[in-house]
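Everything on this sheet refers to the single structure shown next.
Values in this text are rule-based calculations from the coordinates and carry no lab data. This one's a predicted model, so the numbers in the text were calculated from it and none came from an experiment. Cβ placement follows ideal geometry from the backbone for every residue including glycine, while neighbour counts extend to all protein chains displayed.
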Ligand SMILES: [Zn+2]
């Protein structure tokens with residue numbers, strides 16, 4: 001059987017993106033051999049002839065240990081000569097020990113135990129290797145094979161659909177000379193944990209994952225990822241080791257998209273993608289595309305190519321973004337380095353209407369076939385009716401009128417991570433921020449929901465989850481549509497660009513367009529921001545909120561949100577995150593940049609906002625779980641789960657902002673000087689990573705170059721203590737000093753005592769600033785930094801004469817209780 005290393009989904013989709021449910025097959029008049037193979041793989045069943053008793057069998061795959069102690073097993077019928085699955089019923093057990101603390105904590109959140117050790121009574125296996133042969137010695141004569149098939153045959157057949165696409169890729173992608181890819185999917189049925197999945201896929205960046213479908217208290221479905229990690233044999237390898245790490249099987253350096261836009265909802269697109277293959281032998285290409293778009297034709301050099309359009313697994317991250325998968329089956333394998341032009345024809349109702357003359361694309365998934373955000377050149381042509389204004393990412397290079405249509409060309413001025421557009425009948429205005437042209441397009445009103453007193457719409461998930469989500473909104477009072485104030489929005493945007501470009505380097509694009517988007521959240525695209533209608537409304541006209549939320553509501557919509565989205569032009573657009581574990585960086589950096597602008601204008605409001613985040617992180621969710629249990633920022637979108645539907649928003653934005661505040665605090669408290677120093681570091685980061693991806697580790701290394709020696713823990717030029725304890729940790733400790741004594745020494749007064757970190761776990765390391773209170777100075781005076789290492793740390797510190805008291809972090813630069 002042809003096998004190979006394949007990376008079948010984009011980094012944003014991760015492994016669970018490949019789980020599929022019902023699908024639509026399309027193709028040439030005569031189905032290709034690959035399509036026939038796929039049909040077999042997704043409908044293969046078990047038979048009495050392949051049913052056996054099995055005893056004392058074991059499957060060891062990397063970290064996964066599965067034992068089949070006693071029961072019956074039936075193998076699936078061979079496809080192309082290969083047995084690819086089996087159904088087991090009896091007594092079995094699975095054991096999996098997560099490799100690190102973060103994954104143990106994640107597993108414990110969902111299963112109550114940090115180790116997966118579960119007895120199961122049924123298991124369905126799918127594999128692309130010799131698993132069937134490996135089990136052969138443990139097989140015994142069957143007892144009642146007909147009854148077994150009668151009972152489990154239909155279940156086994158329906159489960160075959162899940163992995164068909166992955167197996168098709170394994171059958172058809174044939175990189176020369178590469179290691180065989182190892183693929184195993186096991187779906188277990190256990191008494192304690194119910195039905196759950198374990199995957200081992202050597203072609204993915206994180207090869208092992210464990211997941212289960214789970215519901216929130218409100219009935220919303222999430223495909224919860226309990227664990228995702230490198231497999232044992234890949235751990236300890238340097239991350240840059242290209243030889244062993246899977247690379248993206250192909251990239252798309254160039255898009256040419258010609259779209260006919262038919263308001264309010266429809267669009268038809270001819271899209272040509274330049275596909276650059278990075279591995280030999282690739283035949284099966286997988287793309288993401290909005291589920292509201294139907295592909296009618298895919299061609300390669302003018303010849304139709306077979307494709308399959310699948311639905312994403314319900315509750316998965318892919319599905320929550322509104323996307324499905326399109327798999328293209330090429331007639332012949334591609335070679336590494338080869339560029340190929342693939343043309344897609346597709347269309348559908350991908351645009352959303354919000355009333356007030358607003359149409360936008362983005363809430364209903366991504367409008368062109370892609371593999372997650374990646375730096376790419378876009379050439380866009382739009383045809384749309386007269387009387388409308390269309391705004392797109394990039395630069396408008398030509399526009400004309402042809403009959404009843406307007407035709408406009410937009411080109412990216414540099415590679416950008418994604419392309420979007422917005423269509424409306426707007427009230428427009430323009431201004432300059434330095435060399436950057438800022439255009440603001442407000443609707444003639446706000447969305448119907450806001451105007452008529454209907455409840456606000458359910459929160460739309462932004463395409464890349466880059467927007468704010470406001471958790472508390474109550475229905476507005478009934479009445480006439482309130483007037484928007486685009487001029488105020490424009491002023492905010494100009495101020496944000498001026499503030500940030502002075503500190504981070506020039507604005508990454510020639511222009512910025514701000515257009516109104518319904519709902520309480522916003523999205524940033526390169527050079528184009530879809531800004532919440534709430535920002536366009538004066539404070540008094542927004543839906544009322546509880547008194548406790550009033551100040552934050554005003555801070556968010558009058559100040560933070562616009563700057564946050566403008567800051568994404570640098571963080572998220574100009575520089576892109578590397579993988580899902582790095583996405584938090586973009587939110588944290590964009591938000592903290594916005595917070596530093598707020599601080600410069602109104603320091604007290606800045607402090608109250610940080611305090612609100614702190615309180616928010618310490619509260620419990622409706623299930624009675626503390627937000628620290630949702631996990632570390634580096635779990636990325638996995639933080640949002642059936643246990644914490646808003647986990648990503650809360651942890652990445654709020655804890656993420658606090659992590660930035662702590663890093664900046666290391667430079668010297670919450671002073672203007674430390675803000676300037678922190679911005680200097682961020683500017684150098686921008687210069688270094690412009691147009692590229694950045695990881696959490698890159699960020700750590702860049703900071704290590706910049707931070708003073710006094711912040712070295714145990715003498716190492718390393719911020720590992722911060723990234724291990726705080727970035728990859730979840731603690732919000734309590735901190736106090738105990739047993740403080742002041743004693744006169746020849747060189748002056750010395751304070752000694754014990755620094756206590758409570759509710760922190762045993763190995764939390766924190767650099768804690770201590771201040772003194774003296775009778776003479778009205779304000780606390782900085783005395784020094786102590787590394788708190790674990791629960792108790794004794795210290796000695798020279799302090800000024802007359803010190804009466806030691807204060808722990810009086811200016812609140814540490815996230816603590
Ligand atoms: Zn954001």
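Taking the beta-carbon count within 10 Å as an exposure proxy, list 299, 515 from fewest neighbours to most.
Details: 299 14, 515 25.
Neighbour counts put them in this order, fewest first: 299, 515.
Can you tell me what percent of all Cα-Cα pairs in the stretch 606-727 are more than 25 Å apart? Present the calculation step by step, with values, prior to reporting the outcome.
On the way: 2366 of 7381 pairs.
Summing the P(r) of the stretch 606-727 above 25 Å gives 32 percent of all pairs.
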Subject >> Quarter of Cα convex hull surface for the stretch 705-776, i.e. mean projection, nm² >> reply: 7.2 nm²
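Given the convex hull over the Cα atoms of the stretch 380-428, what projected area results after averaging over all orientations, in nm²? Walk me through the intermediate numbers first.
On the way: hull surface 14.1 nm².
If I average the Cα hull's projected area over directions, I get 3.5 nm².
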Original post:
Based only on the alpha carbon positions, what is the Kirkwood hydrodynamic radius of the stretch 613-671, in angstrom?
Top reply: 11.9 Å
Original post:
How compact and how long is the stretch 267-409, expressed as Rg and Dmax of its alpha-carbon atoms in Å?
Top reply: 16.6, 51
Subject >> Proxy reagent accessibility, fewest Cβ within 10 Å first, across 113, 183 >> reply: 113, 183
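Report the semi-axes of the equivalent ellipsoid for the stretch 703-745 in whole Å, largest first, where each axis is √(5λ) for an eigenvalue λ of the Cα gyration tensor. Please list the in-between numbers first.
Numbers: eigenvalues 139, 71, 10 Å².
Values for the stretch 703-745, descending: 26, 19, 7 Å.
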Original post:
Alpha carbon centre of the stretch 577-631 versus the stretch 718-746: separation in Å?
Top reply: 21 Å
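Å³ per residue of the Cα convex hull, for the chain?
Numbers: hull volume 140.2 nm³, N = 817.
Convex hull volume per residue, Cα atoms: 172 Å³.
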Original post:
Roughly what % of Cα-Cα distances in the stretch 517-590 sit above 18 Å, to the whole percent?
Top reply: 45 percent
Subject >> Per-pair calculated FRET efficiency, R0 = 60 Å: residue 270 and residue 119 via Cβ, rounded to 0.05 >> reply: 0.65
Subject >> Value of D in µm² per second that Stokes-Einstein yields for the stretch 265-308, Kirkwood Rh from Cα pairs, at 37 °C (0.692 mPa s) >> reply: 258 µm²/s
**OP:** Any chance you could run the full-extension gain for residue 130 through residue 78? It's 0.36 nm times the residue separation minus the Cα-Cα distance, nm to one decimal.
**Re:** 17.5 nm
Subject >> Whole-Å distance, taken between Cα centres, linking the stretch 403-430 and the stretch 651-712 >> reply: 34 Å
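If I take R0 = 60 Å and measure r between the Cβ atoms of residue 278 and residue 777 in this structure, what FRET efficiency does the formula 1/(1 + (r/R0)^6) give, to the nearest 0.05? Mind showing how you got there, number by number?
Numbers: r = 62 Å, r/R0 = 1.04.
Step by step, r from the Cβ atoms, then E = 0.45.
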Subject >> √(5λ) per eigenvalue of the Cα gyration tensor, the stretch 352-440, largest first, Å >> reply: 21, 18, 15
Original post:
For the chain, what is the relative contact order in percent, using Cα pairs closer than 8 Å and at least 6 residues apart in sequence?
Top reply: 9 percent
Original post:
Using 0.36 nm per residue, how much length does the chain from residue 626 to residue 607 gain when fully extended, once their Cα-Cα distance is taken away?
Top reply: 4.6 nm
**OP:** Find how much the distance from residue 736 to residue 97 grows on full extension, using 0.36 nm per residue of separation minus their present alpha carbon separation; answer in nm with one decimal.
**Re:** 226.5 nm
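Please report, to one decimal in angstroms, the Kirkwood hydrodynamic radius of the stretch 734-808 built from all distinct Cα-Cα pairs.
Values: mean 1/r = 0.0789 Å⁻¹.
The answer is 12.7 Å.
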Original post:
Quick one: if you stick a label point 7 Å off each Cα along the C-beta vector at residue 487 and residue 195, how many nm between them?
Top reply: 6.0 nm
**OP:** Sort 162, 366 so the one with the fewest other Cβ atoms within 10 Å of its own Cβ comes first.
**Re:** 162, 366
Subject >> Compactness of the stretch 653-781 as Cα Rg over 2.2 N^0.38 Å, two decimals >> reply: 1.24
**OP:** Quick one: go through the stretch 122-145 and flag any residue whose amide nitrogen is under 15 Å from the point 7 Å out along the Cα-to-Cβ line of residue 48.
**Re:** 142-145
Original post:
How big is the stretch 22-170 by Rg and Dmax over its Cα atoms, in Å?
Top reply: 17.3, 53
Subject >> Centroid-to-centroid separation of the stretch 315-389 and the stretch 183-222 [C-alpha atoms, Å] >> reply: 28 Å
